[in-house]
Amino acid sequence: MYLQRRNRITRRTAAIRSLVAETVLTPNDFILPIFIQEGKDSIHEIASMPGYYRRTLDKTIQEVRELWSLGIKSVLLFVKSDDSTKDNTGKESWNPDGLMQRTIKAIKDAVPEMIVMTDVALDPYSEYGHDGIVDVKTGYILNDETVEALTKMSLSHAEAGADFIAPSDMMDGRIGAFRKALEENGHTGVGILSYSAKYASCFYGPFRDALDSAPGFGDKKTYQMDYANRIEALNETLQDIEQGADIVMVKPAMAYLDIIREIKNAVTVPVSAYHVSGEYAMIKAAAKMGWLDEQKTVLESLTSIKRAGADLIATYFAKDVAQLLG
Ligand code: PBG
């Protein structure tokens, strides 16, 4: 048979395939979320995230040194605050001596070049487990009061030395408010990685176990986006960029590859995607049952997320993959 074109030629050997691969993962692509708890010298495995841990600050520092040596350049911090500090104002979130602020300083002291990103939302500090301040009469999350609280939280992270604040709350107008506050307080080098298109998703379940931060009532659908919507994601993202976001994010990742691509095509800032806790848990569970090969599933998943348009990927598999690639 005479064929003008034989497409399989560029698939013939592993070497040729690697020569023509359009998408290649590197440790530079990754943001590693890390969970921190109060105390000393202890680590706690998260039940719904096997192989993933919450660490005390001393253990976190050891881990961060190792991550840097593996080529991971950026960590996204989440803290589990004690129940005694939780209330409806979230005021522990801007305590200059709070666990988050101490952690930021300690990481920057130990590994100054590590890019420290911090989650900005009230849920770990809220007695109701919501990302904002609750109107106790109606159960509605108050927008403007929450933005005010989160502005204080953001400034305290910047003062402690954070490189990027990462607002995950989905309140209206927050990016503009944070940018203005950062400018007015001289933090002109602090970036904003905005969770711009964050969907109300069941895939966050294991994360809420990790921080003991599940909403005490209702759900997050009055602030996080409806997964039925695509155009709304563009609207949110374009507004965040206009208000000063340096990097935008789509979350979760695997069920939202269309949104990642849509946003990548529409914007000129870096796009990130968050491969969330439930996505981690699904792969771990299937691997444990012997139904999927963990390593192959992880590489295929993360490569697909990058191929869809993510310049950066926040993933709990970052360390494993960095080790694999190393
Ligand atoms: C808090 C926050 C959540 C996640 C990141 N920041 C949970 C939520 O919105 O309920 C989820 C991360 C994950 O599932 O891995 N606002």
(request) Test each condition in (1) within 15 Å of the ligand (Cβ to nearest atom); (2) in a helix (DSSP H, G or I); (3) not polar (S, T, N, Q) for residue 259 and report the one that comes out false. (result) (1)
(message) Contact list please: Cβ distance under 7 Å, first residue in the range 248-267 and among the basic types (Lys, Arg), second residue in a helix (DSSP H, G or I) and more than 16 Å from the ligand (Cβ to nearest atom), pairs at least six apart or on different chains.
(response) 261/308
(message) Go through (1) under 16 Å from residue 51 (Cβ atoms); (2) in contact with a Gly (Cβ under 7 Å, 6 or more places away or on another chain) for residue 271 and report which single condition fails.
(response) (1)
(request) Could you list all residues from the range 222-240 that are in contact (Cβ under 8 Å) with a residue 40 or more places away in the chain and under 19 Å from the mean Cα position of the chain (by Cα)? (result) 223, 224, 225, 236, 237, 240
(request) Would you point out the residue of the range 99-123, among those that are out of contact with any Gly (no Cβ under 6 Å at 6 or more places or on another chain) and β-branched (Val, Ile, Thr), that is most open to solvent (accessible area, probe 1.4 Å)? (result) 115
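Among the residues that make up the range 234-242, is at least one of them more than 13 Å from the ligand (Cβ to nearest atom) and hydroxyl-bearing (Ser, Thr, Tyr)?
yes
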(request) Would you be able to say whether some residue in the range 21-32 is among the charged types (D, E, K, R) and either farther than 30 Å from residue 63 by Cβ or open to solvent by 40 Å² or more (accessible area, probe 1.4 Å) (or both)? (result) yes
(request) Go through (1) assigned to a loop (DSSP other than H, G, I, E, B); (2) open to solvent by 20 Å² or more (accessible area, probe 1.4 Å); (3) of a type in the set (A, V, I, L, M, F, W, C) one by one and return the number of the condition residue 245 breaks. (result) (2)
(request) Please tell me if residue 131 is in a loop (DSSP other than H, G, I, E, B) and either more than 24 Å from residue 270 (Cα to Cα) or at pLDDT 95 or above (or both). (result) yes
(request) Just give me the residues in the range 72-98 being in a helix (DSSP H, G or I) and open to solvent by less than 10 Å² (accessible area, probe 1.4 Å), in sequence order. (result) 93
(request) Report whether or not residue 281 is within 16 Å of the ligand (Cβ to nearest atom), part of a helix (DSSP H, G or I) and surrounded by fewer than 20 Cβ atoms within 10 Å (Cβ to Cβ). (result) no
(request) Filter the range 144-197 for residues that are within 24 Å of residue 88 (Cβ to Cβ), open to solvent by 10 Å² or more (accessible area, probe 1.4 Å) and part of a strand (DSSP E or B) and give the result. (result) none
(request) Please state which one of 238, 292 is open to solvent by 40 Å² or more (accessible area, probe 1.4 Å), at pLDDT 95 or above, part of a helix (DSSP H, G or I) and not aromatic (Phe, Trp, Tyr). (result) 238
(request) State which residue pairs qualify: first residue of a type outside the set (Asp, Glu) and inside the range 103-124, second residue within 11 Å of the ligand (Cβ to nearest atom) and part of a helix (DSSP H, G or I) in any location, beta carbons under 8 Å apart, and separation of 6 or more residues or different chains. (result) 120/150; 121/150; 122/150; 124/211
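The values are calculated or read from the model by the stated rules, or taken from the named source; none is laboratory data. Bear in mind that the values here come from a model prediction, so they are computed numbers and not experimental data. Because the Cβ atoms are built from the backbone with ideal geometry, glycine has one as well, and the counts that use them run over all protein chains shown. For the accessible areas, the whole protein counts, side chains as well, though only heavy atoms, and no ligand, DNA or RNA atoms are used. Shrake-Rupley method; radii C 1.70, N 1.55, O 1.52, S 1.80 Å.
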